[in-house]
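To keep things clear, I will list the structure first and then write my remarks on it.
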Amino acid sequence: MGSPRSLPRRTLAPLRVRLLGGFEVEREGDRIPPQAWRRRRPSDLLKIVAASPGRAIHREEVIARLWPDKYAGRPMKESHQHLHITEAEWQAMLSDFEKTLDKFKVPEAEQKELIAIVESTKKDIVAGVS
Ligand code: HEM
């Protein structure tokens, strides 16, 4: 990327954002009515940006804060391919996993479900499995 383009600043009305004691945005002294925020995400994003003055916020951080339940890591295959994980290493991991489930007294039915989920990732993790 080159140097930042200079924006025609004077045409942009400054915003005043209130974060404490209720979220409120004013544009040239006029309060933006709550119903103008038709969706929640744009205001959530603005809150994050406004609460971090002078600090660049990484895309990953924004994603993690807006969608805390959404997986933001790398794909399974891409993460493991270069490790050349063997069948024996996979079995060792499974054995530890089962011991851990036992230790925390995870009931049999849930153990089966969890092991099935982990097994379903094997093709992306162990070298030479398709
Ligand atoms: C023998 C089994 C496994 C071994 C030895 C292993 C090892 C590793 C290692 C070393 C990395 C980091 C790679 C890197 O950054 O270069 C990694 C990444 C990852 N592993 Fe595994 N792994 C195993 C099984 C699993 C399983 C069963 C899951 C989930 C069901 C899993 C989920 C992940 C994820 C999501 C990442 C990537 C996170 C990211 O950087 O975005 N792994 N694994």
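Of note:
- Which listed residue, of 56, 88, 116, is exposed (fewer than 10 other Cβ atoms within 10 Å of the Cβ), under 27 Å from the mean Cα position of the chain (by Cα) and more than 30 Å from residue 25 (Cα to Cα): 116
- Here residue 128 meets each of (1) in a loop (DSSP other than H, G, I, E, B); (2) under 30 Å from residue 48 (Cα atoms) with one exception, condition (2).
- Neighbours by Cβ (under 6 Å, 6+ apart or cross-chain): first from the range 70-95, assigned by TED's automatic domain parsing to the domain that holds residue 115; second of a type in the set (A, V, I, L, M) and within 7 Å of the ligand (Cβ to nearest atom): 80/125; 85/125
- Taken over the range 99-130, the criterion of being over 24 Å from residue 75 (Cα atoms) and either in contact (Cβ under 8 Å) with a residue 12 or more places away in the chain or among the hydroxyl-bearing types (Ser, Thr, Tyr) (or both) is satisfied by 100, 101, 111.
- Residues that are aromatic (Phe, Trp, Tyr) and within 16 Å of residue 16 (Cα to Cα), drawn from the range 31-69: 37
- Of the numbered criteria (1) over 19 Å from the mean Cα position of the chain (by Cα); (2) surrounded by 12 or more Cβ atoms within 10 Å (Cβ to Cβ), the one residue 95 fails is (2).
The values are calculated or read from the model by the stated rules, or taken from the named source; none is laboratory data. Since we're looking at a predicted model, the values are computed, not measured. Backbone-built Cβ (ideal geometry, glycine too); neighbour counts: all protein chains shown.
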